[in-house]
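Report on the structure given below.
The values are calculated or read from the model by the stated rules, or taken from the named source; none is laboratory data. Worth saying up front: this structure is predicted, and the values here are computed from it rather than measured. With ideal geometry, Cβ positions are generated from the backbone for all residues, glycine too; neighbour counts draw on all protein chains shown. Quick note on the areas: whole protein, heavy atoms, side chains included, nothing else; ligands and nucleic acids left out. Shrake-Rupley method; radii C 1.70, N 1.55, O 1.52, S 1.80 Å.
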Amino acid sequence: MTSTPAIELRNISKIFNGTTAVSDVNLSISDGEFIAFIGPSGCGKTTTLRMIAGLEQPTAGEIASYGKRVDQLKPWERDTPLVWQNFALFPFMSVAENVAFGLKMMRLPEAEIKKRIAEWMERVGILQLRDRAISQLSGGQKQRVALARALVTQPRILLLDEPLGALDAHLRIKMQSELKTLQQETGITFIYVTHNQSEALAMANLVAVMNEGRIQQLGSPNQVYRAPSNRFVAQFVGMNNLIDGEVAAIDGEHCMIRAGSNSFSVPAANKPSPGDKVTFIISADLVAIESAEAPQRENQIAATFRGEEFIGSVVTMFFETEYGAEFKVQQQQRAVQKLGLKFGDRVNLSWTANDSFMLL
Amino acid sequence: MRRLNAFFATITVPPILWQVIFFLVPLIFLVVMTFWSVQNYRLKPDFTFTNWQKVLAAGYFYDIYLRTFLYAAAATVITSIVAFPVSLFLGLNAGPRFRIVAIFLLICPFFTSYLVRTYSWQVIISDNGIINTMLGAVGIGQVAMLNTFVGTMIGYATFFLPLVILLQFASIAAIDRDLIQAAHNLRCGRLRTIFAVVVPSAKVGLTVGAAFAFILAFGDFVAPSLLGGGRSPTLSILIIDTVKSASDWPRASVVAMAMIVTMMGVIFAALTFAYRKPGETH
Amino acid sequence: MERLIRVGQVSFVCLVFCFIYLPIVSLIAFSFNSNRFPSLPWTGFSLHWYNEVFADPSIIDAFVLSILIAVSVSVTATLLGFLGAYMDYRWRFTGKNALLAIIILPPTIPLIVLGLAMLNFLKQVGLAASPLGIFVSHSILCIPFALAVIRMRLADMPPELEQAAWNLGCGQTRTIFKVVVPHCLPAIIAALLITTALSFDEFMIAWFVSGVDVTLPVRILTLLQGQVSASINAIGSIVFAISLILISSALAIIVWSRK
């Protein structure tokens, strides 16, 4: 591993006709990293990626790659191949011609090109498709051609813009593990843009959550998931319930937060003082449901069952509480069946103090 | 069912019948006419191959055919090349407002008096026209343009340059921009991208544009006669001479057949080329 | 560098547009020039050539005939073009493409061949040398253009629109008038204008099939084959103005209706 970062963004901003797409982003991506940018559409993640590829010019700031400034270079002078969301395969070329395109641009000898494209087509499993027209390929096959076309030039950095976005759910899961393996085997720095958080959390070592042109949090998937740094991240990543309150007392590692008619014990990670207005989160999958007659405990609220949503074997239930109409609780379907709740039933919701997390 | 049939017939029969009677029948009759004979300047229904033999045996016919073909080919190449940078600019670089204005400016001339515009060129490029007056003013002597090959080419371009630009432009504007950026991303420079990506992507528009240019030039009478001087006749001039001076309609019809066959061949070749899929060549 | 490429591109584009519009501008300019020969230097502003044009009965007659033919051609061609477009939109049946090809083929045949074929044919049916012959010939040439313009508009019409009308008890024929024609109205008007311009400008076929009564473009052609007269500039400018008004209105209607 080299010590100079693969990509360094210094005070990067991009303004399109008066709208700020990316605002003063600073980021250093080490060699061999698998970083995922996630965020809602329009958050600036794709623009950031396109600036790294040189397809957009930053309005301000510098981009360096392995210690060298690249922001003045034209796209074709850079070595950052991109895997496109819609694949952007050349429809007038065969599969093999598509894969060979980058190598031809590098003016490699014909024999070398042949050898390298065969090697990579074999590796991503499209060797038998070499003479096919692009229009004859399925989505998954196109995906592989796009990967081979980018990787065959042996880049140190690979850019991926929602590469699995056009695939169906089943194929997406399969490609996730293949991409992850590929990245680990080759050691190429992957810079991956997606709006799909589970994809990012499953594959990347490092996750950058973006919103309104800024990086809201940069951290490991676990950090981003369990310890969001602000309201936006807490709402965008995972499924969290946010409760606003005021610090009533501090008791060693924990503090008491008064919110409406309840008091909650929350780990005091960031040393608040009494009287501070704070927000803490409790993840939907860490909340327990008990009958309304169950004994009182700490971190408990009264709630009314209002609705549910099924995703696979997981059920998201919505409760009305004094903190809003959509307090979310996530449980396995079997557990939910055992409860036998009907809409309008009154219950108590509770959680362990250490599972909640105070936002900074 | 009966009601549907009556409705269906009311809609479909009139346009089909009209074009069959007034277009297809005359065209077929043109073929029949090539076998008729002319006696004492009067047409006579007949079945003779004399007209075909006479025309196809005449050396001048091949000279004229070849000239027409080469003129049309030259006009095709010249207008396609001149049109391409314009189409490229309109398709890829121009802003939406500029584009709309340009399209408007390109469609208008196609429907407005080719004949009158050609006449205007006659005046402009004549020996004492605007261009030669200006050249004279800067000390360059007269350049003969009217009644030369150059004049003919100017005439053809006047006829269909806007159309060729429009056809090319439509294809170029439809190119997926990601393809161009993907090429850049794979180290393909600006100029190289034009040949590696833009040209193959816009193949249909470029080919159809060229085919239209060829067809229009091949059948045009105005440019070679009014700007080319008519002293190097083309097939269209030959037809008019044969009809108007010699009144030999059957022979003119044979020449017309030669034109139709050539053009069908060109259209067929162009379409085959334009819509050939990648991979089929292997 | 970036700038230089841009400047180069823009100047080339301007140059090409100058080439396209030079003859038109020059024509209009010289129509107001007092000199008998259309050449530099400019000798002064004059309406002389326009007066001469309006005083020439042969030109006025040709003009009137052109307008009459153009208007009747446009109505006929638009009506038949509409039927053809609707046929293509509404039904699929074997042989449709072949029939459609026959309808839209005329513009691909060189005008000179079409002129010759029409002359042969009209002579046999006794319509040669009559304005009716010009009308018929122009109509076959114009139908494909009308069909194309209206078909484009029909492509934007959701099939549910007609089905909704049927569902509400509106018969097929009534639906055409109540739903299809109103939807296509901008295209129908555009087709009327375009086909008028097309017929008004067409000289090759008209020249072949006309007899004593000629249309304006044919009159211009015979003038051109004679001696150069500055009055051609004036006629040309008038013809150009009429065509331009027709075509630009058609384009404006098409653009406006697509919004």
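Structure values in brief
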read-out	value
Some residue of segment A:60-72 being at the interface with chain B (Cβ under 10 Å from one of its Cβ atoms) and touching a residue at least 60 places away in the same chain (Cβ under 8 Å)	no
Residues being more than 9 Å from chain C (Cβ to nearest Cβ), without any contact (Cβ under 8 Å) to a residue 24 or more places away in the chain and over 16 Å from the mean Cα position of the chain (by Cα) - total across segment B:245-263	2
Qualifying helices (runs of 4 or more DSSP H) (wholly inside segment B:170-282; at least 3 residues being modelled with pLDDT under 90)	B:235-244, B:249-274
Odd one out for A:Ile12 among (1) crowded, with 22+ Cβ neighbours inside 10 Å; (2) within 18 Å of the chain's Cα centre (by Cα)	(2)
The lone exception for A:Asn86 - which of (1) over 17 Å from B:Ile180 (Cα atoms); (2) surrounded by fewer than 17 Cβ atoms within 10 Å (Cβ to Cβ); (3) within 13 Å of chain B (Cβ to nearest Cβ) it fails	(1)
Segment A:129-140, subset more than 14 Å from every other protein chain (Cβ to nearest Cβ) and either in contact (Cβ under 8 Å) with a residue 24 or more places away in the chain or over 31 Å from the mean Cα position of the chain (by Cα) (or both), residue nearest to A:Ser177 (Cα to Cα)	A:Gly140
Enumeration of residues in segment C:217-250 that are facing chain B (nearest Cβ under 9 Å), over 17 Å from C:Ser58 (Cα atoms), in contact (Cβ under 8 Å) with a residue 40 or more places away in the chain and among the small types (Gly, Ala, Ser)	C:Ser237, C:Ser243, C:Ala250
Odd one out for A:Phe310 among (1) surrounded by 15 or more Cβ atoms within 10 Å (Cβ to Cβ); (2) under 30 Å from A:Glu199 (Cα atoms)	(1)
Per-region count, segment B:36-51, residues in contact with a Pro (Cβ under 9 Å, 6 or more places away or on another chain), more than 10 Å from every other protein chain (Cβ to nearest Cβ) and open to solvent by 40 Å² or more (accessible area, probe 1.4 Å)	3
Restricting segment C:80-103 to residues that are of a type in the set (Ser, Thr, Tyr) and open to solvent by 40 Å² or more (accessible area, probe 1.4 Å), the residue that is nearest to the other protein chains (Cβ to nearest Cβ)	C:Tyr89
Unmet criterion (only one of (1) more than 21 Å from A:Asp131 (Cα to Cα); (2) touching a Leu at 6+ places or on another chain (Cβ under 8 Å)) for A:Met105	(1)
Matching residues, segment A:22-55, being polar (S, T, N, Q), in a loop (DSSP other than H, G, I, E, B) and out of contact with any His (no Cβ under 8 Å at 6 or more places or on another chain)	A:Ser30
Residue in segment B:68-79 that is aromatic (Phe, Trp, Tyr), surrounded by fewer than 21 Cβ atoms within 10 Å (Cβ to Cβ) and under 13 Å from B:Phe169 (Cβ atoms) present	no
Residues of segment B:13-34 that turn out to be farther than 26 Å from B:Thr242 by Cβ, hydrophobic (A, V, I, L, M, F, W, C) and facing chain C (nearest Cβ under 7 Å), as a count	3
A:Gln57 closer than 29 Å to B:Pro200 by Cβ, within 14 Å of another protein chain (Cβ to nearest Cβ) and under 17 Å from the mean Cα position of the chain (by Cα)	no
Test: A:Arg69 is surrounded by fewer than 17 Cβ atoms within 10 Å (Cβ to Cβ) and basic (Lys, Arg)	yes
Hits in segment A:187-215 - residues which are of a type in the set (S, T, N, Q) and within 19 Å of A:Ile7 (Cα to Cα)	A:Thr189, A:Thr194, A:Asn205
Within segment C:104-216, helices (runs of 4 or more DSSP H) holding 2 or more residues that are crowded, with 24+ Cβ neighbours inside 10 Å and within 11 Å of chain B (Cβ to nearest Cβ)	C:111-125, C:131-155, C:181-201, C:204-209
The listed residue being open to solvent by 60 Å² or more (accessible area, probe 1.4 Å) and either at positive phi or at pLDDT 85 or above (or both), out of C:Ile5, C:Ile20, C:Ile24	C:Ile5
Residue among C:Thr76, C:Thr43 that is outside any helix (DSSP H, G or I) and open to solvent by less than 80 Å² (accessible area, probe 1.4 Å)	C:Thr43
Test result for B:Gly205, at the interface with another protein chain (Cβ under 7 Å from one of its Cβ atoms) and either at positive phi or open to solvent by less than 40 Å² (accessible area, probe 1.4 Å) (or both)	no
